[in-house]
1. Quick check on the range C:181-195. Is at least one of its residues modelled with pLDDT under 95, within 27 Å of residue C:272 (Cα to Cα) and touching an Asp or Glu at 6+ places or on another chain (Cβ under 9 Å)?
2. Filter the range D:242-263 for residues that are in a helix (DSSP H, G or I) and within 30 Å of residue A:144 (Cα to Cα); which is farthest from the other protein chains (Cβ to nearest Cβ)?
3. Can you work out which of the residues in the range D:180-211 that are within 14 Å of chain A (Cβ to nearest Cβ), in a loop (DSSP other than H, G, I, E, B) and touching a strand residue (DSSP E or B) at 6+ places or on another chain (Cβ under 7 Å) is surrounded by the most Cβ atoms within 10 Å (Cβ to Cβ)?
4. Of all the residues that make up the range C:212-226, how many are surrounded by fewer than 19 Cβ atoms within 10 Å (Cβ to Cβ) and either in a loop (DSSP other than H, G, I, E, B) or outside the structural domain of residue C:195 (by TED's automatic domain parsing) (or both)?
5. I want to confirm something. Restricting to the range B:193-237 and keeping residues that are within 26 Å of residue A:42 (Cα to Cα) and small (Gly, Ala, Ser), which single residue is farthest from the chain's Cα centre (by Cα)?
6. Out of curiosity, is residue B:4 away from chain A (no Cβ under 14 Å), part of a loop (DSSP other than H, G, I, E, B) and at negative phi?
7. Quick one: residue A:218 ticks every box in (1) at pLDDT below 95; (2) polar (S, T, N, Q); (3) in contact with an Asp or Glu (Cβ under 6 Å, 6 or more places away or on another chain) bar one, so which box is it?
8. Scan (1) more than 25 Å from residue D:70 (Cα to Cα); (2) assigned to a helix (DSSP H, G or I) for the single condition residue B:24 breaks and write down its number.
4 protein chains.
Amino acid sequence: MGKIKRIGVLTSGGDAPGMNAAIRAVVRSAIFYGCEAYGIYGGYQGLINGDIKRLRSQDVSNIIQRGGTILKSARSTEFRTEEGRAKAAAKLAEHKIDALVVIGGDGSFSGARLLIQEHDIPVVGIPGTIDNDLYGTDSTIGYDTAVNTAVEAVDKIKDTASAHNRLFFVEVMGRDAGFIALRVAIATGAEAVLVPEIDTDITDLEHFLEKDYDPKQSSGIVIVAEGDKAGGAYNVAQKVGEAHPEYDIRVSVLGHMQRGGSPSAFDRVLASQLGVAAVDALMDDQKSIMVGIMNKEIVHVPFNKTIKNSKGLNPELLNLVKILSNR
Amino acid sequence: MGKIKRIGVLTSGGDAPGMNAAIRAVVRSAIFYGCEAYGIYGGYQGLINGDIKRLRSQDVSNIIQRGGTILKSARSTEFRTEEGRAKAAAKLAEHKIDALVVIGGDGSFSGARLLIQEHDIPVVGIPGTIDNDLYGTDSTIGYDTAVNTAVEAVDKIKDTASAHNRLFFVEVMGRDAGFIALRVAIATGAEAVLVPEIDTDITDLEHFLEKDYDPKQSSGIVIVAEGDKAGGAYNVAQKVGEAHPEYDIRVSVLGHMQRGGSPSAFDRVLASQLGVAAVDALMDDQKSIMVGIMNKEIVHVPFNKTIKNSKGLNPELLNLVKILSNR
Amino acid sequence: MGKIKRIGVLTSGGDAPGMNAAIRAVVRSAIFYGCEAYGIYGGYQGLINGDIKRLRSQDVSNIIQRGGTILKSARSTEFRTEEGRAKAAAKLAEHKIDALVVIGGDGSFSGARLLIQEHDIPVVGIPGTIDNDLYGTDSTIGYDTAVNTAVEAVDKIKDTASAHNRLFFVEVMGRDAGFIALRVAIATGAEAVLVPEIDTDITDLEHFLEKDYDPKQSSGIVIVAEGDKAGGAYNVAQKVGEAHPEYDIRVSVLGHMQRGGSPSAFDRVLASQLGVAAVDALMDDQKSIMVGIMNKEIVHVPFNKTIKNSKGLNPELLNLVKILSNR
Amino acid sequence: MGKIKRIGVLTSGGDAPGMNAAIRAVVRSAIFYGCEAYGIYGGYQGLINGDIKRLRSQDVSNIIQRGGTILKSARSTEFRTEEGRAKAAAKLAEHKIDALVVIGGDGSFSGARLLIQEHDIPVVGIPGTIDNDLYGTDSTIGYDTAVNTAVEAVDKIKDTASAHNRLFFVEVMGRDAGFIALRVAIATGAEAVLVPEIDTDITDLEHFLEKDYDPKQSSGIVIVAEGDKAGGAYNVAQKVGEAHPEYDIRVSVLGHMQRGGSPSAFDRVLASQLGVAAVDALMDDQKSIMVGIMNKEIVHVPFNKTIKNSKGLNPELLNLVKILSNR
């Protein structure tokens, strides 16, 4: 592998706040190292279509604070085929792009791996997803912001819950993982949290709420991850409501607002660090790795490892919800 | 009617940000005029139950910025009966409370009217509801905050809509009125707005979106009021999606978070003005009126008028959405 | 005057949140009426320099929520000369721009008036300044946002003031006018407010604080407008501190953050209305006027009137601060 | 040492967002372990004065989201004397309080150490200070919130800086440490950062700005820590302005707002963890330690160590500012 001169960058999969900060860091550190940077618009599909534009330093000015991604994101069924990836590789060759930085989740990294194997193009991944469910990094870009967004929404809901002594079931994002739900539950002082990783026992929940929520004098919040096995906030609320018709129950599904908004300071710093680290890694002849942060240190994790493994919830945090909701 | 010495204050109906600022203003202006102030906890039901406590000046310190209501709110079926209202009047007599300030919507004012008619107790109302659907005042307390909360949420949704070129149907509060929906639509640059006051023609909407939303290169937002006749955001989205399977559609229902949160500066000032105006009105021997604000002036509106009449949307604002969404 | 085909738009003077929303409304309504829109970059100086670019509908997509101004702003000493204005007029002619919309304050409108008089170019003004000190409109674009920004900052300061029983003097913007200071004082429950319109009597203030602030058990906030005659927050704090060495006094000058940030819903709607109204006015052969909003209606105010007259503070609001700070 | 039955908790030194979340966690976990919890109001001075009140579970409801500290904080010169500490110990004995949790910084821990040595009272410390300058913990309570508050303020300043191509010197808190300044600089994409830990070379800064800031077409931000050796934002701005009279320079000192506001999700979770960990440590017969978090694990750090040692800035983060500001 010769020296890298041109680095392409794309965002893939669900967008996350902080992706723009990562793009900026990739572009500016590429330039810092004497390379040219190229933005690929619309994820892998955009790569196949050749939707590629050179990015200079000023093109990424004033984007560090913006949600979304200036490079847009999209799903590509074509990239899942060998032909699609061959087209993608051809487009990279056409633009003389030597290496790629992919900002996304494990689906995006699986695609990257095939591109590397079939066309020997160095790719480094940056973990960008609000769900935080990527092995090999303590935090993913967007997670801290999404948690703060959900916490601010639940704070508002608590105002009205408290005014009416209501019990709210609030659904937060997390199809496969309860990271968002767990932090939101602790940070909002919720009565309980339901996560995909643990089978929900509705009877247990009911017993717990009987001790903790008194519709005559208090309000309550239960945080439910989207992917909870008991079926989401509406289903859980219905079951609890059937057992306790005297409860004044409401449901709120926070939805897509959790994906947007100006990134938190934490996510901006993390994205800046990982963006530089990704280019560093390419300069050091790395390929097929994700850069992550573990115990404050930059780490390199083989794509294979981050795709195959999964990260568990901290059991001590689960325990915290119980200790702190006692009344 | 002799001179008023003790003024009771309660919040009733759905809570709204700024109610605490209004409570503070009632309490402090009552004290300013040499009266005592009493907080009645839990709306009319709390009054029947005698859940009444004297409020001194420092009891309302540091609440101007809080959402919800420190006096809580609740529905009371008992107050809808003559017996219930007789009990309420007896509790007022027991605490030597001469007059009442009720912060709420037209349902609350209807109850107040019966109390006045049956027991000759002076009551002055303060318009507190996020929906803004009260005749006789340009703004109700909580409306400006709810609009800002919804706008901030839609701003976040726009980030992710734009990253994926998606079309979002966002449902905001407003069962009977489109005030929130209309302002949110203008303030977020939405493509279209659906309100209860106007019958929604889905075919029209589809034609409009065909010109305005291109799933290949742009995103779109349609704001739907909860009480829209076409059946809410999910129903409208489904119909549009059936006609246009190529659209990448998502739905978000903002829900109860719109009721909470720290009140905006506008709502705090309005609540402060109206709280003082309500006590002023009682000092001037008024009863059975709502205080409101019209063209920057405090006005007195008979309960009867505000209950029987309704306020319409500004047609020029409806037109603005169309002019400004053109692309 | 023939029919207008090309409309130029510029922002001038201090920037204000909502200017982008106004630019968007001017551009899109110009296009709606069959005209072309041109952005002039860098205020009057940019006009003299010919820094002009056509703006299409999509060029103003996704800017309604952004603070600052995409057209930038700058002072121009050259435009104050007849030669400068002649150059400006020549540039407009060169680009076949028939009419101008100027978003700014009264300094900007004075310049516009000379351009109209000397070169017969129709100009309509839009009031954009956080200070709200423009005659002929109830609100200027940016005022509501600036007040909310300052209120949120003072809320934070109150947290720490309260933790330490401190007395804070907080300086807000307003060199010539106390509009921001007055609303901020009411909305934050401040003990007192000092504004340029009223001579500050420090002895009075001290007497007032003696009753209201007890360093052993309470905190206090005094809001000081930048242009207060007693010399700003630092000077006032020093004088009060000399008389009361037992007070635990701190000063905070909120500064330029009050000019930025995403505009409030109110400012976005106002800017949208005024932007359309400005183009409407040009279509109706108006020139040399500012569009404003009075009692919810769009009004046309001759530049001459808005420049020569000034708007006073609402004395009832000044009185509110006193009534509500009583403890 | 017998079994602990009553735990006192106080906040000391400068307040920090998240202190209330820590108080709540101490109270609820104390109750969870079968103890009683006592709030000591006004720091060590309040302890000497016997300003002590039992706190039950519901007394700390709905405070997790509040800035400031419900227990207030104050300096105590009396506690620095042996007599003062003897009085404090006597008050603890009088209320049968067996152990103390102190939330504060190293000054507060020094005081605690003397109390332990002289009166053998177990004390566990929780790091609460926005400055993050405590050895033995990756983060202190309040730091993340303060950084976010400063970042949001600088985002607003950037809007107006950008509208006028201005160079802003923004001063953030940090008398002895640059932690806040450094993170804020990275997160806002600042041109440069000045911290107390590194001697500022104004000539270097000037050279750097000459490359990076062009008053004709760009804006710039320099973040200055309060304790920077070159003398704070005003002094630095003046020196740079003298060398470059063509620069359009402004200064903003963010001030005390950085201490307040609703804590971020991170700070709430951290405070909850450390609050429980502090009670856990007392249950495990610990004394004279601070609980902290290192690499996601709860750690116990002897007071002596945390007082004597100091924590350094991450040099890689300092380097990031340089790499990423290149234009």
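The values are calculated or read from the model by the stated rules, or taken from the named source; none is laboratory data. Predicted model only: the values in this text are computed from it and were never measured. Heads up, the Cβs are rebuilt from the backbone with ideal geometry, glycines too, and the neighbour counts pull from every protein chain shown.
1. Among the residues of the range C:181-195, not one is modelled with pLDDT under 95, within 27 Å of residue C:272 (Cα to Cα) and touching an Asp or Glu at 6+ places or on another chain (Cβ under 9 Å), which makes the answer no.
2. D:258
3. Residue satisfying both the conditions and the ranking: D:191.
4. 5
5. Of everything passing the filter in the range B:193-237, B:218 is farthest from the chain's Cα centre (by Cα).
6. Yes.
7. Of (1) at pLDDT below 95; (2) polar (S, T, N, Q); (3) in contact with an Asp or Glu (Cβ under 6 Å, 6 or more places away or on another chain), only one is false for residue A:218: (3).
8. (1)
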